[in-house]
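Written out below as structure tokens is the structure these notes cover.
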Amino acid sequence: MGKIAVIPGDGIGVDVTHEAVKVLQAVNEKHGLGLVLEHLDYGAERYLTDGTTLPKGEIERFEKEFDAIYLGALGDPRIPDMRHGREILLAMRFEMDLFINLRPVKCLADRLCPLKNFGADDIDFTVFRENTEGLYVGLGGNFKKGTPDEVAINEDVNTRKGVERIIRAAFEFAVKHGKSTVTMSDKSNAVRFAHDLWVRTFDEVGDEYPKIEKQHLYVDALAMQMIKNPKQFEVIVTNNMFGDIITDIGAMLQGGLGLAGSGNLHPGKTSLFEPVHGSAPKYAGKNIANPFAAILTAEMMLDHLGHTAAARDIGNAVKLALEEGQTTADVGGSLGTREVGDWIIEHI
């Protein structure tokens, strides 16, 4: 059993979420999972109609009534400040304390790897991005705004609790999945106070896991090494901003944003799953968007909920589709969004 809130979002989010839901329904029927999906219309259209982002009390309802939330991409040019996106996505991340942003980076076909002398087997690691602190908390302000003397400040917030729990989550994942190395990345040579906390905490927590090798890289060196030799990485843990950046590098290593899924997790609580690409409004409704990231996000969600066989069915079907060229144009095929979803369902 499991109750899932489905929020399609905006733009191509609606298109690809439709295919992910089709796939969820197919494995739900095949495996008798007992999943119950509740569709919610939060997004740009609802916001422009009546000003609603998330109704009062909805966060509490998510936490009490749902096992997971599936969210499509948010973003609409009619709302240039993205207020609705912030008030939906960031509210869930921060108010539900979803401190783990989990980003698997796995290449599923040799032809998708953009690096010379590397293939699918060489790109397989997981990034743990701290999801509730750092520069993204929005603390700061402007002084003398709009003048030549303007001062703009954003605060980088790092707490011992926040840093320790994301680092510990990365080590626990390594133990559970038989990984031998955890790499922590910061910029403590320049950001002396905040990132020194990351270094000390990484050393202290790492000492509790003597069988796991600890590796430390400044984030610029990490970005370089991800291109030079991605095969060396198994688990990476870093702060909110750096995680945002390096996971986009990771997405390209695995074949593009159209293949990248993510989870926003707090162990033991309702979690949120979303593909990481944008809403691409100009492609909305044209049956051309790649639904694989959305479908692989559904795979992640099912695996998190303990439906491992159903998740495996989805992952195997996507891998076979890539091998046989049954894909949208961005990854070499000629199918439309809906036709890719149909092919995956037929294979399942």
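Observations
- Taking only the Cα atoms of region 57-150, the ratio Rg/Rh comes out at 1.11, with Rh defined as the Kirkwood radius.
- Considering only beta bridges that DSSP places wholly inside the chain, some 40 percent are antiparallel.
- Efficiency of FRET from Cβ geometry, I79 and E346, R₀ 51 Å, rounded to 0.05: 0.85
- Shape call, region 100-265: gyration tensor on alpha carbons, a/c limit 1.5: oblate
- Per-residue Cβ neighbour counts within 10 Å put E133, E346, E172 in the sequence E346, E172, E133, beginning with the fewest.
- The distance separating the Cα centre of region 271-310 from that of region 89-104 comes to 16 Å.
- Cα centroid of region 123-172 to Cα centroid of region 327-348, whole Å: 38
- Three-way shape label, region 1-40, alpha-carbon gyration tensor, a/c 1.5: oblate
- V36, V23, V219 arranged by Cβ crowding within 10 Å, fewest neighbours leading: V36, V219, V23
- Cα-only radius of gyration and Dmax that characterise region 1-85, units Å: 14.0, 43
- Within the chain, all pairs of alpha-carbon atoms sorted by distance into 10 Å bins from zero give the percentages 5, 24, 33, 26, 10, 1, 0.
- Ranked by how many other beta carbons lie within 10 Å on average, peptides 88-94, 138-144, 296-302 from highest: 296-302, 88-94, 138-144
- Kyte-Doolittle at least -0.5, axis length at least 15 Å by Cα - qualifying DSSP helices, the chain: 12-31, 160-176, 194-206, 240-253, 292-304, 308-323
- Among Y218, Y70, the order by Cβ neighbours within 10 angstrom, fewest to most, reads Y218, Y70.
Every read-out reported here was derived from the displayed coordinates using simple, explicitly stated rules and does not represent laboratory data. All of these numbers come straight from a predicted model, not from anything done at the bench. No Cβ is skipped: glycine too gets one built from the backbone with ideal geometry, and neighbour counts run over all protein chains shown.
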